[in-house]
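Let me begin by presenting the structure, written as structure tokens, before commenting on it.
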Amino acid sequence: MGSLTRYSEARQHQHRLEGPLQRGSLGRDRQVRARLHELPHDPDIPACRLGYLDSYTLSRLMRCTKCGLWKGPDEFPNSRTRQFSYCRECRRAYDRHYYHERGKAARSIRKRARAREARVWMNALKEGVPCCDCGQLFPVWVMHWDHLPGYEKLGCISEMVGNRSRNITIAELNKCELVCANCHVLRTTRRAGRGSAT
């Protein structure tokens with residue numbers, strides 16, 4: 001009686017997975033057995049005969065829509081909703097192909113967009129601010145951020161804008177003063193003790 005119950009449960013589960021089986025020259029049971037080769041050879045499955053597969057084992061099997069094989073849930077990417085339709089191997093192959101074929105162009109576009117956004121933000125900080133030394137207004141491309149003595153310099157502001165977070169960049173800007181290019185050169189020369197700069 002127990003084997004018949006297991007057999008009927010397995011047939012019902014197979015019916016749910018595959019949809020209604022068509023009636024033909026082969027009987028319904030023979031059609032089910034003909035599909036057993038699609039099941040994975042898993043050590044958790046005690047036998048290849050459908051009558052010996054318990055309903056719990058069958059209920060856990062998932063079919064990969066890429067390779068078409070039935071596999072256990074541990075062979076699919078982790079998801080509480082079980083929303084992944086590709087098994088882990090097929091998903092890995094798909095990701096590698098996508099990264100190689102289309103990823104490079106997309107990354108390049110995103111990188112240019114981030115650099116453009118960073119330039120707009122930095123220009124907005126410099127816009128309308130006079131030089132700390134001479135007090136004159138210049139276009140934003142003439143203005144430089146000068147690191148003050150006594151502070152540890154983590155990097156150039158022009159480089160940090162494009163590849164560091166805003167918080168880190170702002171923390172570095174607090175160590176600087178905004179001066180024009182001419183005054184910046186005079187400051188640097190004076191600190192180094194070179195030439196006759198006053």
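Which chymotrypsin sites (Phe, Trp or Tyr not before Pro) does the stretch 106-198 hold that lie in a coil by DSSP with at most 15 other beta carbons within 10 Å?
Details: sites: Trp121, Trp141, Trp145, Tyr151; in loops: Tyr151.
Here the chymotrypsin sites (Phe, Trp or Tyr not before Pro) that fit, given the DSSP loop and packing criteria, are Tyr151.
Under a cut-off of 21 Å between alpha-carbon atoms, report the lysines in cross-link reach of Lys104, not counting same-chain residues fewer than 8 places apart.
Lys104 reaches no qualifying lysines.
Rank these for me by crowding, Phe76, Phe84, going from fewest to most other beta carbons within 10 Å. Walk me through the numbers before you get to the answer.
Working: Phe76 20, Phe84 17.
Ranked by crowding around the Cβ, least crowded first: Phe84, Phe76.
Over the stretch 76-138, what number does the Rg to Rh ratio reach, with both radii from the alpha-carbon atoms and Rh per Kirkwood?
1.42
Multiplying the sequence separation of Ile109 and Thr188 by 0.36 nm and subtracting their Cα-Cα distance, what value in nm do you get?
Working it through step by step, the gained length comes to 24.7 nm.
Among the lysines, which have Cα under 30 Å from the Cα of Lys111 when same-chain residues fewer than 8 positions away are ignored?
The reachable lysines, counting only those whose Cα sits under 30 Å from Lys111, are Lys126, Lys153, Lys175.
Using the Kirkwood radius over Cα pairs, work out the Stokes-Einstein diffusion coefficient for the stretch 128-198 at 4 °C and 1.567 mPa s, in µm²/s as a whole number.
Values: Rh = 13.0 Å.
D = 99 µm²/s.
So what's the net charge close to Glu152: Lys and Arg +1, Asp and Glu -1, counting the other residues with Cβ under 13 Å from its Cβ? Mind showing how you got there, number by number?
Numbers: positive: Lys153, Lys175; negative: Glu172.
Result for the neighbourhood of Glu152: +1.
Looking at the stretch 94-173, which GluC sites (Glu not before Pro) are in a loop (DSSP not H, G, I, E or B) and have at most 10 other Cβ atoms within 10 Å? The partial results should precede the final answer.
Details: sites: Glu101, Glu117, Glu127, Glu152, Glu159, Glu172; in loops: Glu127, Glu152.
Hits after loop and neighbour filter: Glu152.
Coordinate-derived values only; no laboratory data. Only a predicted model underlies this, so the values are computations on that prediction, with no experimental measurement involved. Neighbour counts run over all protein chains shown; Cβ positions are idealised from the backbone, glycine included.
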